[in-house]
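Below: the structure, in structure tokens.
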């Protein structure tokens, strides 16, 4: 008895289904952290963290910025104390106090996924995830044959989605 060949659209559906299950966790993380990143310029869900760092004495503003890993623009000076946005530095003692608003640990780690660069091992995950999402987009068009009513209806939704995306990109 000859083995029947599985149609390409059926093979695509199987890959689409199991890849979807496999990536369910990472898709949830990306969805949540993406929503949180919308509010990154606000203090939503952030808590104030004050840190004190002992630095060398008599640092200039130019030397202070790299030591604190932040842009330092002195707003005022009182004696030996330089005041800048969210902190100060005592030139005599070398003590620096900086106030930052930070996300809780887990949310910060989730947000880092979106910010991965080629310097981070997470960028391999981002490339794999991006390629998988592109596969989901393309495989959706091979889930059903063009003769089926669900395919034709799907094309209307695809066109509407593309149109909405173009409108949002160009406004």
Original post:
Using the C-alpha atoms of the chain, what convex hull volume per residue, in cubic angstrom, is computed?
Top reply: 182
Subject >> Three principal axis lengths of region 94-140 [C-alpha, angstrom, descending] >> reply: 58, 21, 12
Subject >> Computed [θ] at 222 nm, helices only, for the chain once each DSSP H run of length n ≥ 4 contributes -39500 (n - 2.57) >> reply: -17000 deg cm²/dmol
Original post:
Once you put a point 7 Å from the Cα of residue 31 and another 7 Å from the Cα of residue 97, both along the Cβ direction, what distance in nm separates them?
Top reply: 4.4
**OP:** Grab the Cα-Cα distance for residue 90 and residue 143, subtract it from 0.36 nm times how many residues apart they are, and report the gain in nm with one decimal.
**Re:** 12.5 nm
Original post:
So if we plug the beta-carbon distance of residue 152 and residue 19 into 1/(1 + (r/R0)^6) with R0 = 22 Å, what FRET efficiency do we get, rounded to 0.05?
Top reply: 0.30
**OP:** Enter the per residue convex hull volume of region 47-102, computed from alpha-carbon coordinates, in Å³ rounded to the nearest integer.
**Re:** 69
Original post:
Going by a ≥ b ≥ c, the root eigenvalues of the Cα gyration tensor, does region 1-57 fall in the rounded group (a/c under 1.5), the prolate group (a/b larger than b/c) or the oblate group?
Top reply: prolate
**OP:** Would you kindly work out the equivalent ellipsoid of region 48-149 from its C-alpha gyration tensor and give its semi-axes, the square roots of five times the eigenvalues, largest first in whole Å?
**Re:** 50, 13, 11
Original post:
What share of Cα pairs, in percent, lie more than 16 angstrom apart in region 1-97?
Top reply: 71
Subject >> Hull shadow area, averaged, region 117-171 [alpha-carbon convex hull, nm²] >> reply: 5.1
Original post:
What full-extension length gain, to one decimal in nm, is calculated for residue 162 and residue 65 as 0.36 nm per residue of separation minus the Cα-Cα distance?
Top reply: 30.4 nm
**OP:** Determine the gain in length on full extension of the stretch residue 52-residue 125; use 0.36 nm per residue of separation and subtract their C-alpha separation, reporting nm with one decimal.
**Re:** 22.8 nm
**OP:** Please find, in a Gaussian network model of the chain (springs between Cα atoms separated by less than 10 Å), the residue of 117, 97, 60 whose mean-square fluctuation is greatest.
**Re:** 60
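None of the figures in this text is laboratory data; all of them are computed from the coordinates on show. No experiment lies behind these values; they were computed from the predicted model shown. Virtual Cβ from ideal backbone geometry, glycine too; neighbours counted across all protein chains shown.
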